[in-house]
Structure formats: structure tokens, C-alpha cells
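What follows is one structure encoded as C-alpha cells, with my remarks underneath.
The values are calculated or read from the model by the stated rules, or taken from the named source; none is laboratory data. Note that the structure is predicted; figures quoted are calculated from it, not measured. Glycine also receives a Cβ, built like all others from the backbone with ideal geometry; neighbour counts cover every protein chain displayed.
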Amino acid sequence: MDTLSEIRSRLTRRTFLERGTLGLGAMAASSLLNADEPRPTGSGVTGLPHFAPRARRVIYLFQSGGPSQLDLFDFKPDLKKQFGKEVPTSVYPDERKTTMTSGQKSFPVAPTVFKFAQHGEAGTWMSEPLRHLSKFADDVCVIKSMHTEAINHDPAATMFQTGSVIAGRPSMGAWVSYGLGSENANLPAFVALTSNGTAKAGQPLYDRLWGAGFLPGRFQGVKFRGQGDPILDLYNPAGVTRAQRRRMLDTLGELNDKQAGRFNDPAIATRIAQYELAFRMQMSVPDLIDLKSESQATLDLYGPQATQVGKYAYNCLLARRLAERGVRFIQLFHRGWDAHKNAPKQVAAQCRDTDQATAALLQDLKQRGMLEDTLVVWGGEFGRTIYSQGKLTEQNYGRDHHPNCFTYWLAGGGVRGGMTYGETDDFSVNVTEKPVHVHDMQATILHQLGINHRKLTYRYQGRYFRLTDVHGTVVKDVLL
């Protein structure tokens, strides 16, 4: 049997259906070539949104490493009296400790060294390192009752981004891109940006965190680099004109189209679409990253690192520029929150890196009238322990990983501002009121975009998958 016959003999119904999208892909590519103005394009399904959305886009400020809820949002004033005492095993059992601290002989209570105060009309508790964000207390909804199963960084981060601790599932941004497509044909629907804290390099970030998993590859996030050209191989080589590049892509498209017709491989349609998107991005990206149009007042708002490529402040400003250009899902990953030692110093340093720019993003969106339809999400993969990792002093302590309870906050996009939701026990070890699981958070984010998380599915290996796996409930109490 020759190769072509063998391939045809193995065609499945799924492949047949995917083959049917090749013509649509070619039509989409053609429409991109003939379009003079950006317009919504490129979703993988029809019939979305399922209902009227409150948010048009999401900016997800993922704080990689696990920010300490005890040092930032979860105020426990009575713990000062418990300083140095052993955390009862009835509160924190040994089986919930990681191998990094399970061998300690002592698990002393480590109250925060930071002062807390109430802010805004709602009296939201925030600690002193959050001096900029605290000015927007009435715009944010603080969720203190987040919880997850994963206790180590990679599976915990993978859980938040893909809905599973097992690598290989589509990321949240890819699901959104698949469901809603892009509002701008000249830019991707999903962009990822990364930055590093000054106090600590942080955990590795793998491309699969913004990948498409088993969805068609065109829905994966496009990573903007923190140095050099924002996207590798985006610009033409020296001596190659735009007209020459156009002719090359036309010829390559013809060859790919013939190959697609022969082998029925959906990846070829994806490749065609990506080539065309890259061609359009050659014109749109230079304007996007050129900050000369920003006023000095705006640059000052974001802080001294606003023009330094690869810094968190620069990425926050770029996120606003991406949002106003129609990018659906913008994900910022900021590393360095993994404070196993010297937690007070590291938390303060992380806040110096991020607090001003985060607050500036809220203010910038708000004054441009964009916060109403932009959902801003802030949080990491888990929280930190009440007991000290390593030696405890009155001014210093470390904190280990803690998945049982931690804090996220949301702003804009139809979320109730000036609200604190959920509660934890006296030691900030377990959720006591209104628990919010990772899948609940994901369901809520999709809901604000007009997506029923139960209906956005993709058939793969014999079953229908979704971002929220087999459960997840929209947290309607925090929504307007």
C-alpha cells in the first residue's frame, strides 16, 4: 500500500470534519489579505458569546511563585499573641506540608511584620507594601477563599492556566481565543508577557502555560520577548522588501494548500493562518511597542521602569495598549514571589516591582473608560504558610507553599468593587466561608466574557474536554 492510500484509509470522522475547515481557513487567510481595516476574526466555533458579555477582554496579572496572603491581604491581628508558638497539628496536619519543611522539628507561628490598614469606603484590609493598590480598594474585589489541590509550583501554575495539573491541556487564553477569536486581524487574540522580580529570579515558565494543547495551534498565545525583537523572525531579513515577502507567502500558500488537499492535515491550515498573521503583525507591532505617543504623565504613572523593555511596569503599559487594540486575552507572568526565606524582604521587593504599575494599569484603564469592559485578574498559583520555614525572628521568617487558602483579586469587567469575599480560619490555613476553587475562578472569568464554561468544549481522544474539567461554578456573588 502506498503512503497516500494508507493515510486515506486511516481517515476518521474527526479528521474529515477538520478537513472541512481547511477551505474556511483558506477563505480566512484570503480575507486577511484583502482587508483594509482590522475586524473580528478567527474563532474556532460558532454561536459565541453564549450571552451578552460584561467584559470584552481579560488582563491576567499572574504572580508566579505564590504571593503570601498573610503579608498582603489576609489580616490576622490576633496572631501577634501567638508569635513563636507551635501551629497545632489539628490545624495544620503533617500530610499537608511539603518535603521542604516536613522535616522541621518546629513549626512556629510567624505573624506578618507588615502593618495593615483599611482602605476605601468598604474598609478593605491591605498591608503597607500595597500603598498604590490600596488607593483603588473600592475598584477591586478581594477573594480571600481561593484554594487548590496542587502544592508544588509547576502543577499548581498549570492548574490555573489550563484547568489541570497534567501538562498538555489548552491554556485559558487559548480557550478564549478558540471561543471568541480576535477583535483585530493585525494582532493575536492572546498575548503572553513575562518579567522577573529584582529580589529573586523565580520559577521557570514553560511555553505550554500559554499553549494551545490539543486545540489547533493558531489559538496558542504569542509570547512577546523581554529583550531584542518582541517576536523572533517577525521582521524581514536585510534586503527583503515587503512586496517580496508578500510574493513569497503567496507562493508558499499555494504549496501549503496543495499539501493540505493531499494529506488533510489541519496543522497546515494553522501554518497558513500563522504566516498571514505574522505578515500583518509586521505593520502593527512596531506601532504597538512605540511608546512615543504616550504622554509623560502616563509614563510617570507607571513608574521609572515604564519604558524598560521586559520590566513589569513596561508590560503593564503594553497590556493596556494591547487591550485598546482589541487583543482578547493578555497574560502577564511576573516571577519572584517564592519566599521560602527572608519573606519580609522579598515581599517588599516584589511590591516595589509591581504595586505602582498594577495600580497605574487600573487608573489608566479607568480614566480611558476601559475598566468597565476589561476584567483584570491578579493572583498566583497558591499562598504561603503561617508557620515559619527556617529560623524565626521578630523581623524575619520564611514561608512554605500553601494551597488550602490564598487570595486573588478582580477588578472591572462587571465585578463588584470594594468587596471582600470569603474568609479563612484564625491561622489562615483553611477556608471557612465561601470557598472558591480554581475551576470556579476560571468559570467566572469565562462567564464575564459571555461564555458558558460547560458549553465551550473540544472533542479529543474520545471525550469532550473543557477548561473547567468536570466541575466549576460561577461566583455570582462577586458580579454586578
Restricting to the stretch 46-88, what's the tally of residues that are of a type in the set (Val, Ile, Thr) and loosely packed, with under 12 Cβ neighbours inside 10 Å? 1
Quick check: is even one residue across the stretch 434-448 in contact (Cβ under 8 Å) with a residue 40 or more places away in the chain and within 16 Å of residue 91 (Cβ to Cβ)? no
Which residue is nearest to residue 393 (Cα to Cα), if the candidates are limited to the stretch 321-358 and must be assigned to a helix (DSSP H, G or I) and of a type in the set (S, T, N, Q)? 346
Exactly one of 380, 326, 336 is modelled with pLDDT of 95 or more, farther than 27 Å from residue 229 by Cα and either buried (at least 22 other Cβ atoms within 10 Å of the Cβ) or of a type outside the set (A, V, I, L, M, F, W, C) (or both), and that one is 380
Could you please give the count of residues in the stretch 43-102 that are under 23 Å from the mean Cα position of the chain (by Cα) and in a helix (DSSP H, G or I)? 4
Consider only pairs whose beta carbons are under 8 Å apart and that are at least six residues apart or on different chains; among these, list those whose first residue lies in the stretch 295-314 and is on the phi > 0 side of the Ramachandran plot and whose second residue is part of a helix (DSSP H, G or I) and at pLDDT 95 or above. 303/313; 303/356; 303/357; 303/360
Being of a type outside the set (S, T, N, Q), in contact with a Cys (Cβ under 8 Å, 6 or more places away or on another chain) and part of a helix (DSSP H, G or I) narrows it down to one residue among 318, 361; which is it? 361
Quick one: residue 237 ticks every box in (1) under 25 Å from residue 285 (Cα atoms); (2) in a helix (DSSP H, G or I); (3) without any contact (Cβ under 8 Å) to a residue 12 or more places away in the chain bar one, so which box is it? (2)
Output the qualifying pairs, or none if there are none: Cβ atoms under 8 angstrom, residues six or more apart or on different chains, first residue in the stretch 144-156 and touching a residue at least 60 places away in the same chain (Cβ under 8 Å) and farther than 17 Å from residue 378 by Cα, second residue among the hydroxyl-bearing types (Ser, Thr, Tyr) and surrounded by fewer than 19 Cβ atoms within 10 Å (Cβ to Cβ). 151/98; 152/98
Condition first: in contact with a strand residue (DSSP E or B) (Cβ under 8 Å, 6 or more places away or on another chain), surrounded by 15 or more Cβ atoms within 10 Å (Cβ to Cβ), among the small types (Gly, Ala, Ser) and at pLDDT 95 or above. Can you find one or more residues in the stretch 104-116 that meet it? yes
Among the listed residues 110, 122, 137, 117, identify the single one that is free of Cβ contacts under 8 Å to residues at least 40 places away in the same chain, over 30 Å from residue 211 (Cβ atoms) and of a type in the set (A, V, I, L, M). 117
Give the residues of the stretch 411-431 that are outside any loop (DSSP other than H, G, I, E, B), within 20 Å of residue 71 (Cβ to Cβ) and in contact with a Gly (Cβ under 9 Å, 6 or more places away or on another chain), sorted by residue number. 420, 431
Of everything in the stretch 36-81, what is within 16 Å of residue 188 (Cα to Cα) and at pLDDT below 95? Give them in sequence order. 37, 38, 39, 40, 41, 42, 43, 44
